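The values are calculated or read from the model by the stated rules, or taken from the named source; none is laboratory data. The shown structure was predicted, so the numbers you read here are calculated from the model rather than taken from an experiment. Positions of Cβ are backbone-derived with ideal geometry, glycine not excepted, and every protein chain shown enters the neighbour counts. For the accessible areas, the whole protein counts, side chains as well, though only heavy atoms, and no ligand, DNA or RNA atoms are used. Shrake-Rupley method; radii C 1.70, N 1.55, O 1.52, S 1.80 Å.
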Amino acid sequence: QISLLIGFISVNNSVWTDYSAYSFFQIVTMCDLVMILFFYIMHIFRAYRKLNCVSWPLAEFLHYLIGTILLLIASIVAAAKSYNLTGLVAGATFGFLATILCVISMWSSYKVSCITQSTSKCH
(Lines give C-alpha, C1' and ligand atoms only; values in the text may rest on other atoms or scores of the structure.)
Protein backbone atom coordinates (compact mmCIF):
# COMPACT_ATOMS: atom_id res chain seq x y z
CA GLN A 1 0.00 0.00 0.00
CA ILE A 2 2.88 2.35 0.76
CA SER A 3 4.53 1.64 -2.59
CA LEU A 4 1.23 2.41 -4.34
CA LEU A 5 0.98 5.68 -2.45
CA ILE A 6 4.57 6.65 -3.27
CA GLY A 7 4.01 5.80 -6.94
CA PHE A 8 0.84 7.90 -6.99
CA ILE A 9 2.55 10.87 -5.34
CA SER A 10 5.54 10.63 -7.69
CA VAL A 11 3.34 10.69 -10.76
CA ASN A 12 1.03 13.36 -9.36
CA ASN A 13 3.90 15.77 -8.64
CA SER A 14 5.67 15.31 -12.00
CA VAL A 15 5.35 17.06 -15.32
CA TRP A 16 3.19 14.85 -17.50
CA THR A 17 4.08 14.12 -21.09
CA ASP A 18 1.04 11.98 -21.85
CA TYR A 19 -2.11 12.80 -19.94
CA SER A 20 -4.00 9.57 -20.68
CA ALA A 21 -1.17 7.26 -19.58
CA TYR A 22 -0.65 8.94 -16.22
CA SER A 23 -4.29 9.55 -15.45
CA PHE A 24 -4.84 5.82 -16.03
CA PHE A 25 -1.95 5.08 -13.65
CA GLN A 26 -3.43 7.39 -11.02
CA ILE A 27 -6.91 5.90 -11.35
CA VAL A 28 -5.59 2.34 -11.01
CA THR A 29 -3.46 3.18 -7.97
CA MET A 30 -6.30 5.04 -6.26
CA CYS A 31 -8.76 2.20 -6.91
CA ASP A 32 -6.26 -0.31 -5.50
CA LEU A 33 -5.68 1.88 -2.44
CA VAL A 34 -9.42 2.26 -1.83
CA MET A 35 -10.07 -1.47 -2.20
CA ILE A 36 -7.17 -2.39 0.10
CA LEU A 37 -8.51 0.09 2.66
CA PHE A 38 -11.99 -1.43 2.28
CA PHE A 39 -10.71 -4.95 2.99
CA TYR A 40 -8.68 -3.68 5.97
CA ILE A 41 -11.74 -1.99 7.44
CA MET A 42 -13.84 -5.11 6.87
CA HIS A 43 -11.20 -7.15 8.66
CA ILE A 44 -10.67 -4.71 11.55
CA PHE A 45 -14.37 -4.38 12.35
CA ARG A 46 -15.02 -8.05 11.55
CA ALA A 47 -17.89 -7.06 9.28
CA TYR A 48 -17.30 -10.15 7.17
CA ARG A 49 -18.92 -12.21 9.95
CA LYS A 50 -22.19 -10.33 9.53
CA LEU A 51 -22.10 -10.41 5.73
CA ASN A 52 -21.77 -14.15 5.30
CA CYS A 53 -23.52 -14.19 1.91
CA VAL A 54 -20.26 -12.99 0.33
CA SER A 55 -17.34 -15.36 -0.14
CA TRP A 56 -14.67 -13.06 1.32
CA PRO A 57 -11.65 -15.19 0.40
CA LEU A 58 -12.86 -15.28 -3.21
CA ALA A 59 -13.61 -11.54 -3.19
CA GLU A 60 -10.15 -10.75 -1.82
CA PHE A 61 -8.49 -13.07 -4.33
CA LEU A 62 -10.38 -11.49 -7.25
CA HIS A 63 -9.54 -8.02 -5.98
CA TYR A 64 -5.84 -8.84 -5.90
CA LEU A 65 -5.96 -10.58 -9.28
CA ILE A 66 -7.75 -7.78 -11.13
CA GLY A 67 -5.83 -5.04 -9.30
CA THR A 68 -2.50 -6.69 -10.04
CA ILE A 69 -3.24 -7.08 -13.75
CA LEU A 70 -4.40 -3.47 -14.05
CA LEU A 71 -1.44 -2.22 -12.04
CA LEU A 72 0.98 -4.14 -14.24
CA ILE A 73 -0.58 -2.68 -17.38
CA ALA A 74 -0.57 0.84 -15.90
CA SER A 75 3.08 0.49 -14.84
CA ILE A 76 4.14 -0.72 -18.28
CA VAL A 77 2.33 2.17 -19.96
CA ALA A 78 3.76 4.65 -17.46
CA ALA A 79 7.29 3.32 -17.95
CA ALA A 80 6.95 3.45 -21.73
CA LYS A 81 5.71 7.06 -21.67
CA SER A 82 8.06 8.39 -18.97
CA TYR A 83 10.68 9.86 -21.35
CA ASN A 84 13.35 9.67 -18.59
CA LEU A 85 11.61 12.18 -16.32
CA THR A 86 12.67 11.20 -12.80
CA GLY A 87 9.28 11.50 -11.09
CA LEU A 88 7.54 9.47 -13.77
CA VAL A 89 10.24 6.81 -13.76
CA ALA A 90 9.97 6.63 -9.96
CA GLY A 91 6.20 6.28 -10.20
CA ALA A 92 6.51 3.45 -12.73
CA THR A 93 9.19 1.76 -10.60
CA PHE A 94 7.03 1.88 -7.49
CA GLY A 95 4.14 0.63 -9.63
CA PHE A 96 6.20 -2.42 -10.60
CA LEU A 97 7.21 -2.91 -6.96
CA ALA A 98 3.56 -2.73 -5.91
CA THR A 99 2.70 -5.27 -8.62
CA ILE A 100 5.23 -7.73 -7.20
CA LEU A 101 3.96 -7.13 -3.67
CA CYS A 102 0.36 -7.65 -4.83
CA VAL A 103 1.32 -10.99 -6.40
CA ILE A 104 2.96 -12.04 -3.12
CA SER A 105 -0.09 -10.88 -1.17
CA MET A 106 -2.42 -12.68 -3.59
CA TRP A 107 -0.44 -15.89 -3.20
CA SER A 108 -0.35 -15.67 0.59
CA SER A 109 -4.07 -14.86 0.71
CA TYR A 110 -4.83 -17.85 -1.50
CA LYS A 111 -2.55 -20.09 0.52
CA VAL A 112 -4.07 -19.08 3.86
CA SER A 113 -7.73 -19.06 2.84
CA CYS A 114 -8.00 -21.86 0.31
CA ILE A 115 -5.25 -24.37 1.02
CA THR A 116 -5.63 -24.23 4.81
CA GLN A 117 -9.40 -24.63 4.59
CA SER A 118 -9.18 -27.55 2.19
CA THR A 119 -6.67 -29.41 4.39
CA SER A 120 -8.66 -28.74 7.56
CA LYS A 121 -11.82 -30.20 5.97
CA CYS A 122 -9.97 -33.42 5.15
CA HIS A 123 -9.01 -34.16 8.76
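Summary table below
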{"item": "Lone qualifier among Ser14, Ser23 - being surrounded by 12 or more Cβ atoms within 10 Å (Cβ to Cβ), in a loop (DSSP other than H, G, I, E, B) and not acidic (Asp, Glu)", "result": "Ser14"}
{"item": "Enumeration of residues in segment 71-91 that are under 14 Å from the mean Cα position of the chain (by Cα), of a type in the set (A, V, I, L, M) and open to solvent by less than 70 Å² (accessible area, probe 1.4 Å)", "result": "Leu71, Ala74"}
{"item": "Members of segment 26-50 that are at pLDDT 80 or above, more than 13 Å from the chain's Cα centre (by Cα) and open to solvent by less than 80 Å² (accessible area, probe 1.4 Å)", "result": "Ile41, Met42, Ala47"}
{"item": "Condition check for Cys53: outside any helix (DSSP H, G or I) and modelled with pLDDT of 80 or more", "result": "yes"}
{"item": "Qualifying residues in segment 40-59 (those that are touching a helix residue (DSSP H, G or I) at 6+ places or on another chain (Cβ under 6 Å) and not aliphatic (A, V, I, L, M)) - the one farthest from Ala78 (Cα to Cα)", "result": "Tyr48"}
{"item": "Test for Phe94: is it of a type in the set (Phe, Trp, Tyr), open to solvent by 70 Å² or more (accessible area, probe 1.4 Å) and in a helix (DSSP H, G or I)", "result": "no"}
{"item": "Contacts under 8 angstrom Cβ, first residue in segment 99-111 being surrounded by 16 or more Cβ atoms within 10 Å (Cβ to Cβ), partner modelled with pLDDT of 85 or more and among the charged types (D, E, K, R), 6 or more apart", "result": "Cys102/Asp32"}
{"item": "Hits in segment 67-81 - residues which are more than 10 Å from Met106 (Cβ to Cβ) and β-branched (Val, Ile, Thr)", "result": "Ile69, Ile73, Ile76, Val77"}
{"item": "Total residues in segment 55-72, condition touching a residue at least 24 places away in the same chain (Cβ under 8 Å) and among the β-branched types (Val, Ile, Thr)", "result": "1"}
